[in-house]
Every structure is written in structure tokens, then in C-alpha cells.
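Quick note: the coordinates plus some simple rules give every number you see, no bench work behind them. It should be emphasised that the depicted structure is a prediction, and the values quoted were computed from it without experimental measurement. Here the Cβ positions follow ideal geometry from the backbone for every residue, glycine too, while neighbour counts run over all protein chains shown.
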């Protein structure tokens, strides 16, 4: 689990960066009302895991592909 | 997704899959995200993290591949049967200038397309957001602009 998480977490993140990011995300998300996809902004200022921001996309329609050998 | 199918897709881009390497994990994330941005959706939901679009489910599946096989041995290449032409073009685009092996190019382009999709409009705003993603991001703005200009002019990813 630790290895999986290392791509995400960065303990050097600052609170200031977090708040600036949150504001810019909120601003951007307000523009998505007519988008075919929904996006959810999630923020977590937990110093322990160090996440600064996550914009999570959630597709309304998920069209998956079929596959064959090349 | 079935890790063997995922492996078969990734096999089109890479000859080995060393998940112990950060760069390899980053490249997989961005290539699969770029596929999604080109309407070749492998079924992963991505979120914007420090290095751009990231799917934890994809990381789990990729680790499963590397647990199952060593260096892709025994995994045949797989292509999306209803997107053959798009996928061929996609491979060529990523082979151009070895983009598929350039973590900076992949991070910037995937982040750019993600931010476009969520509603960022101006390149100026997007570049600012890309630079803010992580405190240690030190790619010169001119380089970011050059990559963005290149993909806008190329027309394939936009």
C-alpha cells in the first residue's frame, strides 16, 4: 500500500498552495455545468497524507472498448 | 479491467513493465489517460494529482500484471477492435520524438487535456495550474508553452 501511495502523497505541500489550488479548482468547476461529464472537487488538507487537491472526474456514460489480439 | 488485457494494450507501447520504477508508473498512467482523452476508454476514472491525471485502480491493475508476469513475457499485444485506426494513429503520435518515454511531455499533455475537460478555458490559466500542481515542478514555462503549442498545432490530441 505504501508503494501505491507514493505517487500521490507529497508531504512537502504547503497550506497556501492548498488553498490557492482549491480556489482555482472551484472556479474551474463552475464552468462545467454543460459538460457531459461530472467532476467533483475533493480537498484534503490532512498534513499526514499531504494531498493538496484532487479533481475527481466521474463519467455519466462509460463506453468501454472491445479488444482483440494485434 | 482484466490485467492481462491491460498488459496487452500497454505492450503496444513498452517492452517491459517494471512497476518498481516511478517513471514507468507515471508513463502508464498518462498513456492510459491520453487514450481515454482520445475516446479509447479502458474504464478507469482519473483524478488530478501531483503529476497529473492518476487512477489508483489502474495502479493496482498494473501491479497485478507485474506480479503475474515478468517483463510482459507471455502477454500478446491487444488492440481495441472497434478503434483500430484511432489506436494505430495514437501509437504513432506517442512514438513521435519518443513522447511515450518522456515523462515531462506525458505529464504536461495529460494535465493539459484533463484541465481542458473540466472547464479550464485559457492556456494561461492551464499553464498556471500545471505549474502549481506540485511545489517541485520546475519545467520552464517556455517548455510548457512549446509542448502545448505543438499539440494544438498537431491537432491529434485536441
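Against chain B, whose longest principal axis is taken from its Cα atoms, helix B:141-154 shows a tilt of about 70°. Give me the angle, in degrees from 0 to 90, between the Cα long axis of helix B:22-37 and the longest principal axis of the Cα atoms of chain B, rounded to the nearest 10. Roughly 80 degrees, rounded to the nearest 10. Once the Cβ-Cβ distance between residue B:125 and residue B:86 is put in as r, and R0 is 30 Å, what FRET efficiency do you end up with, to the nearest 0.05? Computed FRET efficiency for residue B:125 and residue B:86 comes out at 0.55.
Diffusion of region B:33-140 by Stokes-Einstein, at 37 °C in a medium of 0.692 mPa s and with Rh set to the Kirkwood radius over alpha-carbon pairs, works out to 210 µm²/s. Peptide B:45-56 shows a mean partner chain C-beta count of 5 within 10 Å per residue C-beta. With 0.36 nm allotted per residue and the present C-alpha distance subtracted, the residue B:158-residue B:71 stretch has 28.0 nm of extension available. Pairs of alpha-carbon atoms within less than 8 angstrom and 6+ residues apart define the contacts here; what relative contact order does chain B have, in percent? Rounded, it is 28 percent for chain B. Shielding value for B:121-129 is 2, the average number of Cβ atoms from other chains within 10 Å of each residue's Cβ.
In a fully extended conformation the segment linking residue B:132 and residue B:149 would gain 4.1 nm over its present Cα-Cα distance, using 0.36 nm per residue. Helix B:84-95 and the longest principal axis of the C-alpha atoms of chain B enclose an angle of approximately 60°. Remark: mean inter-chain Cβ contacts per residue of B:110-118 equal 3, using a 10 Å Cβ-Cβ cutoff to other protein chain atoms.
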